[in-house]
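Enquirer: What follows is a structure written as structure tokens; I'll ask about it next.
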Amino acid sequence: MPGLSDVYFVSSNNHKFQEVYSILDELDITVKHYAATLPEIQSASLYDIATHKAAHAYTLLKSPVIVEDAGLFIDSLKGFPGPYSSFVYDTIGNQGILNLVKVERGATFRSIVAYSDGSVSKCFSGELRGAISTRIVGTKWGYDPIFMPDGSHDTLAHIDKVSLSHRRLSLESFAAWFVSK
Ligand code: IMP
């Protein structure tokens, strides 16, 4: 059963939990995984989606929770797929994205961590700037094989992304607030 001082990370995605666990562990926060698929509202805002998920997750656990929502925002596609990243990945996949992106290849990964403890609700954001590669490189999770962070000639699939990811930045921001509250 959840204890009062625990922070739960609620997600059905084990890749994400591993990344979140290793980042928060370094920052002296031990996070527990509660595996659940949370309902996702239709919204163009990652903040709204994550805030709603965190509120719902709190009703399940009645203990402080964080959830994380991320998306890939491609400049030349006016931010598409953004909040629809999951659906787009499952439908057209990485090759579908490569078919859409032509000369201008700039893109940003955004991560929102939302916290809820029943009375306080707060969001923290992080961004990783980069470019869409011209081909699929590597086999890791999601869009990692087509995203090259600025300053790198390789995709996230071949990089130790835990040290630089959008998720690290949003979690660092959460951790700074959480340990001081
Ligand atoms: P989610 O809704 O936060 O799970 O993320 C939406 C989609 O974006 C996921 O299904 C992945 O395809 C993709 N995504 C989010 N973060 C990452 C990442 O760090 N690497 C690769 N793909 C990601």
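The values are calculated or read from the model by the stated rules, or taken from the named source; none is laboratory data. Just so it is clear, the structure is predicted and the values come from calculations on it, not from any experiment. Ideal geometry is used to build each Cβ from the backbone, glycine not excepted, and the neighbour counts take in all protein chains shown. Please note that ligands, DNA and RNA were not included when accessible areas were found on the heavy atoms of the full protein model with its side chains. Shrake-Rupley method; radii C 1.70, N 1.55, O 1.52, S 1.80 Å.
Enquirer: Relative contact order of the stretch 54-115, please, whole-number percent, based on alpha carbon pairs below 8 angstrom and at least 6 residues apart.
Expert: Relative contact order comes out at 45 percent.
Enquirer: Compute the accessible area per residue over the chain, keeping the other protein chains in place, probe 1.4 Å, unit Å².
Expert: Result: 49 Å² per residue.
Enquirer: Here's something else I'd like to know. Taking each pair of distinct Cα atoms in the chain once, what is the resulting Kirkwood hydrodynamic radius in Å?
Expert: It is 16.7 Å.
Enquirer: Hey, another quick one. Among Tyr47, Phe17, Val120, which residue has its Cα furthest toward the positive end of the charge dipole of the chain, with +1 on Lys/Arg Cβ and -1 on Asp/Glu Cβ?
Expert: Farthest towards the positive end: Tyr47.
Enquirer: Calculated FRET efficiency, Asp6 and Glu127, Cβ-Cβ r, R0 41 Å, to nearest 0.05?
Expert: It comes out at approximately 0.90.
Enquirer: Let me ask another. Note the angle between two axes, namely the Cα long axis of helix 166-180 and the longest principal axis of the Cα atoms of the chain, as a number of degrees from 0 to 90, rounded to the nearest 10.
Expert: Once rounded, one gets 20 degrees.
Enquirer: Around Phe80, which amide H atoms from residues at least 5 apart in sequence, or from another chain, sit under 5 Å from its own amide H, with H modelled in the peptide plane?
Expert: Ile74
Enquirer: Using +1 on the beta carbon of Lys and Arg, -1 on that of Asp and Glu, and nothing else charged, what's the dipole of the chain about the Cα centre, debye to 20?
Expert: Here the chain has a charge dipole of around 260 debye.
Enquirer: Starting from the Cα of Ala36, step 7 Å along the direction of its Cβ; do the same at Arg135; then give the gap between the two resulting points in nm.
Expert: 4.5 nm
Enquirer: Under a cut-off of 19 Å between alpha-carbon atoms, report the aspartates and glutamates in cross-link reach of Lys161, not counting same-chain residues fewer than 8 places apart.
Expert: Partners within reach: Glu19, Asp25, Glu26, Glu68, Asp69, Glu127, Asp144, Asp150, Glu172.
Enquirer: Residues in the stretch 69-98 near a label at Asp150, defined as backbone nitrogen under 16 Å from the 7 Å Cα→Cβ point?
Expert: The answer is 73-76.
Enquirer: A further question follows. Among Asn99, Gly82, Ile66, whose Cα sits farthest toward the positive end of the charge dipole of the stretch 1-134 (+1 at Cβ of Lys/Arg, -1 at Cβ of Asp/Glu, about the Cα centre)?
Expert: Of the candidates, Asn99 comes out farthest on the positive side.
Enquirer: Based on DSSP H runs of at least 4 residues, each adding -39500 (n - 2.57), what is the mean residue ellipticity at 222 nm of the chain after dividing by all its residues, to the nearest 500 deg cm²/dmol?
Expert: -10000 deg cm²/dmol
Enquirer: Output the relative contact order of the stretch 40-181, whole-number percent, from Cα pairs under 8 angstrom with separation of 6+ residues.
Expert: 21 percent
Enquirer: How many angstrom separate the Cα center of the stretch 72-143 from the Cα center of the stretch 4-71?
Expert: A separation of 18 Å, based on Cα centres.
Enquirer: Can you classify the stretch 1-77 as rounded, prolate or oblate using the Cα gyration tensor, where a ≥ b ≥ c are the square roots of its eigenvalues, rounded means a/c under 1.5, and otherwise it's prolate if a/b beats b/c and oblate if not?
Expert: oblate
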